[in-house]
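A short reminder: the numbers here are calculations on the coordinates, not readings from a lab. What you see is a predicted model, and the numbers here were worked out from it, not measured in a lab. Cβ placement follows ideal geometry from the backbone for every residue including glycine, while neighbour counts extend to all protein chains displayed.
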């Protein structure tokens, strides 16, 4: 199964003019060239949210914030609603 989309925000200030700030939000999808950012500096497409942030760090102090939780990475059984323990499940 493909990785779930993840939302992120990017914000910061220009080094040469710290009073001027930038902000944007984006989504990272599975696959190459699948991070999209829309913001005050334009629209950006990259391999990942981290790559978008790195490009912005070239001209400003930049923070990358994930707006959602990462998808679970467990490979074991997923509990059914109303079942308190995996051992109680009937397969």
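Points to keep in mind about this one:
- If you go through region 2-25 and keep only what is exposed (fewer than 15 other Cβ atoms within 10 Å of the Cβ), under 10 Å from the mean Cα position of the chain (by Cα) and assigned to a strand (DSSP E or B), you end up with just 7.
- Looking across region 31-50, the residues that are under 23 Å from residue 20 (Cβ atoms) and touching a residue at least 12 places away in the same chain (Cβ under 8 Å) come down to 37, 38, 39, 40, 41, 44, 46, 49.
- Filtered residues of region 46-71 (kept if assigned to a strand (DSSP E or B) and within 15 Å of residue 5 (Cα to Cα)): 46, 65, 66
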